[in-house]
Amino acid sequence: MEQRYPTDLTDTEWTILAPLIPAAKPGGRPRTTEMREVVNAIFYVLRGGCQWRLLPTDFPPHQTVYHYFRTWRCAGVWERIYDTLRGDLRETAGRTREPSAGIIDSQTVKTTEKGGAAALTAASASAAARATSSSMSSGCSSSSSCMRRGSRTVMGPKRCSGHSSPACRDWH
């Protein structure tokens, strides 16, 4: 298949990735969308940073692409793909499939002499309280909060990272 965009998968890449893409659900209508095109469209949006609605027309409809992206994200498919590919790469390099240790690099930033909650201004303390209340009301038990149903604000760097939050199950 010819690459139309720099983000499109090569034939070799697709050969590696295709077995990791979930099969169609049994029953119902058969899948008519080409999964390689869906993955290419997802990579186009993620790499290019455009909105889903701005996908070029030679990709499947943006609603279809987003549906697969979101379904796979909530089901943990992207994490399984990453873990599988990372394990394969580590074995190819002659290392164990899973890392035996990890390094966490944290940076200490001095905010004020008092630090902690005392350093918050009244406005930022109020915003922090609203964010905490908002994430708790969404039912999110993750360390990063979910996008709440009906809300366009994101309470954290990730939205619905594959945990069993009601936001994953209900948000459309």
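Across the range 7-59, the relative contact order, built from alpha-carbon pairs under 8 Å that are at least six residues apart, equals 42 percent. Across the range 80-92, computed HN-Hα scalar couplings (Karplus, 6.51 cos²θ - 1.76 cosθ + 1.60, θ = phi - 60°) run 5, 4, 4, 4, 5, 5, 4, x, 4, 5, 5, 5, 4 Hz from first to last residue, x flagging Gly and Pro. Under a 5 Å amide H cut-off, with hydrogens placed 1.01 Å from N, residue 76 pairs with nothing among residues at least 5 apart or on other chains. Among 62, 67, a tally of other beta-carbon atoms within 10 Å of each Cβ gives an order, fewest to most, of 67, 62.
All of the numbers you see were taken from the coordinates with simple rules; none came from a lab. Everything quoted here is computed from the prediction, not taken from an experiment. Every residue, glycine as well, gets a Cβ built from its backbone with ideal geometry; the counts of neighbours run over all protein chains shown.
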